[in-house]
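Below is one structure, written out as structure tokens, with a few remarks after it.
FYI, it's all coordinate maths here, none of it is from the lab. Keep in mind it's a predicted model, so treat the numbers as computed, not measured. In this analysis, Cβ positions are derived from the backbone assuming ideal geometry, glycine residues included, and neighbour counts consider all displayed protein chains.
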Amino acid sequence: MEASVPTLVSVAAPIADAAIVIEGLNHWFGEGEARKQALFDIDLALERGRLTVLLGASGSGKTTLLTLIGCLRQVQDGGIRLLGQELAGADEVTLVACRRRLGFIFQAHNLHDSLTAMQNVRMGLEVHGRAAMSNWSEACAHLLASLGLRERLDYLPANLSGGQKQRVAVARALVGNPEVVFADEPTAALDSDSGLQVVEMLKRLGKERGTTTLMVTHDPRILDLADRILTMEDGRIIGDHARPDRALPTLR
């Protein structure tokens, strides 16, 4: 059953304080006669500190858009400015530097089977250098405890439930205090309470630290927490709405 969208207002123009600005973005897969366009002329700006939900059927282009903004694919046509850095034409060194400012939460937890929960979360800090690692144990334990895993710090993934593994993956994505979080169906493996706990944490990070979250979800509970809801269909954004009490400022 399709999730119902809460009462929203249209967002008519790009927002002023944008963490992400997309202009004329197109993307294709394949070569020659098999070449198929996946994204069509996307124009979008996402304000810092907001939780934006991306809706759409399978194959509508949601994950493709996330991976392009997240520096996991090369921009083919159009422009993406991520935290002030243009991604179109950027070299690998620049893209790696950008990825260090991001957090990724995917439906597949991708934990290392030979590492404990604490050690898996620690991996989220290792890319940030020696300074970030100076207090890694306290930071990892605090985040895992806040996600209800205080008694599972030294457990291997084989001894965790599916929902517990996903919460470890969430902690790994957030431990480095990313400026932008990309989440692809992050609550799919979680029960009701755990799923809401994760999304409420992302909302709190937006308010307290200015963290921007772009989330793909089909979970109707999440829509009530969203500041903004985008809808995609056949590679195009066909709906863009914000809550009336959180309407986004526009460029003049």
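Tabulated results
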item	result
Gyration tensor (alpha-carbon) shape descriptor, the stretch 40-86, a/c threshold 1.5	oblate
Label-point separation in nm, Ala108 to Glu86, each point 7 Å along Cα→Cβ	3.4 nm
Spin-label proximity, Phe29 to the stretch 215-243 - amide N less than 18 Å from point 7 Å beyond Cα toward beta carbon	216-217, 232-237
Ranked packing of 73-83, 52-62, most packed first, by mean Cβ within 10 Å	52-62, 73-83
Stretchable slack from Ala97 to Asp234, in nm (0.36 nm times residue separation minus alpha-carbon distance)	46.2 nm
Among Pro178, Pro157, Pro220, residue whose mean-square fluctuation peaks in a GNM of the chain (springs only between Cα atoms under 10 Å)	Pro220
Angle between the chain longest axis and helix 162-174 axis [Cα atoms, degrees, rounded to 10]	70 degrees
Tilt relative to the chain, helix 117-126 - C-alpha long axis, 0 to 90 degrees, to 10	50 degrees
Protection proxy ranking of 106-115, 26-35 - average other beta-carbon atoms within 10 Å, highest first	106-115, 26-35
Charge dipole (debye, nearest 20) of the stretch 59-114; +1 at Cβ of Lys and Arg, -1 at Cβ of Asp and Glu	200 debye
Close Lys-Lys pairs in the chain, where close means Cα under 26 Å and separation is 8 or more or interchain	5
In degrees, nearest ten, helix 136-146 long axis to first principal axis of the chain (Cα)	80 degrees
Pairwise centroid distance, computed over Cα atoms, of the stretch 164-201 with the stretch 19-47, Å	27 Å
Over the chain, equivalent-ellipsoid semi-axes from the Cα gyration tensor in Å	29, 21, 18
Magnitude of the charge dipole, the chain, Cβ model with Lys/Arg +1 and Asp/Glu -1, debye to 20	640 debye
Charged-residue dipole, Cβ positions (Lys, Arg, Asp, Glu), the stretch 122-252 about Cα centre, Debye nearest 20	380 debye
Volume in Å³ per residue [convex hull over Cα atoms, computed for the stretch 146-212]	85 Å³
Kirkwood Rh in Å, taken over the stretch 123-252 so that all alpha-carbon pairs contribute	16.3 Å
